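Since the structure comes first, as structure tokens, the remarks are kept for the end.
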Amino acid sequence: MQDTSLNIKPVQEGYFFPAEWHKHESTWLSYPHNENSWPGKIDSIFPYYNKFIKHLSEDEKVHINVLNNDMLSRVECQLKAIGTDMAKIHFHLFETNDAWIRDHGPAFVINNKEKALVNWEYNAWGGKYPSDKDNLIPHKIAEYLGVKEFSADIVMEGGSVDFNGLGDVITTESCLLNENRNPQLTQSAIEQRLHDYYRVNNIIWLKEGVEGDDTDGHIDDLTRFVNEDTVITMVCEDKNSEDYNVLNRNLDILKKSRLLNGKQLNIIEMLMPQDVIYEDQKLPASYANFYIANNKVIVPLYQCKNDDKAMQIFEEVFKDRKIIGIDSTDIVWGLGSFHCLSQQEPALM
């Protein structure tokens, strides 16, 4: 069911975007296949990506978009071989350009009686890559699920915004205000869209993202809500790193920020991993690219000494969930990790 009227907004019908820790109906994925995203290395990511799917399937349904039946059969065999609960796996022949469904997938919203989705425009982070097939994914998912679809008139990506489910969102100026997204819109107009489609009333604007991030500064490599009033934010100790000043500026903003309810943020500082460099390129390795599943938190690890410190913090924060660390050293060659590669479908309240 598609709502083609731009005059009707989700907020008018009581919809809102729930926090990631809200119970999931399922997780949606677009299985990696674009060798240009992992040049010379795509085959090395599949064991780790499949492990991600296996852990998800232990707690919730997993929907996987694949290119064709050949890919479906290959992936199915690989998942069976590692003991995945195949009863929870649902394949869809929905062709994509790439795997980053956090950005090209739908934004699911709920109210007290039903689920809907927002179909933002997607231009692959300012026209950097092909996006024609990816941009069709939300509509295909809406048709499959039989839910209302709100078509929005601006470019938006799921990795650019992070929510606490109570009307607060954190984002970055370098991404949402970038002229390669919505040059026709002012900051106030973008803020109005966030209110109309996500039901947020308080926006915390950080400045920019980490080195190596081709999205122009997605928040899911920087700062993430872990409960209604607490965030984990990445910090850097190396004063020679380009990330040092960037992350300090963002930290200063967070310390001065207030939530919609007037409270100050509870800020947990987490050290960035040591640099991950491949073919002389610094990659956007960050522990902030974790994914909150129903009973687990999937944390990207990078084979460095800071991995253990990060895992300890996650275990202290998410006492109600099992913390699963999965090596993302090869995956991040694609310039993203587990949060970028997934999109949650919330259950109704």
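With a Förster radius of 35 Å applied to the beta-carbon distance between LYS305 and CYS77, the computed FRET efficiency rounds to 0.45.
For the chain, modelled as a GNM whose springs connect Cα atoms under 10 angstrom apart, the maximal fluctuation among HIS104, HIS22, HIS218 occurs at HIS22. Of all beta bridges that DSSP places with both ends in the chain, some 40 percent have antiparallel geometry.
For the chain, what is the mean residue ellipticity at 222 nm derived from helices alone (per DSSP H run of n ≥ 4: -39500 (n - 2.57); sum divided by total residues; nearest 500 deg cm²/dmol)? Walk me through the intermediate numbers first.
Numbers: 9 runs with 89 residues, N = 349.
Mean residue ellipticity at 222 nm (helix-derived): -7500 deg cm²/dmol.
My understanding is that a pair violates if its Cα-Cα distance is over 21 Å; which of LYS239/LYS263; LYS54/LYS322; LYS61/LYS322; LYS23/LYS322; LYS113/LYS263 do that in this structure? Intermediate results must be reported in sequence, preceding the final value.
Details: LYS239/LYS263 31 Å; LYS54/LYS322 14 Å; LYS61/LYS322 18 Å; LYS23/LYS322 15 Å; LYS113/LYS263 30 Å.
Result: LYS239/LYS263; LYS113/LYS263 exceed 21 Å.
Shape class of the stretch 2-346 from the Cα gyration tensor (axes a ≥ b ≥ c, square roots of the eigenvalues): rounded, since a/c falls below 1.5.
Largest GNM mean-square fluctuation among PRO39, PRO18, PRO138, using the chain with Cα springs under 10 Å: PRO39. Be a star and scan the stretch 208-228 for residues whose amide nitrogen sits under 17 Å from the point 7 Å along the Cα-to-Cβ vector of ILE268. Correct set: 220-228.
Every number here is computed from the coordinates shown, using simple stated rules; none is lab data. These figures come from a predicted structure and were not determined experimentally. Cβ sites come from the backbone with ideal geometry, for glycine too, and all protein chains shown count toward neighbours.
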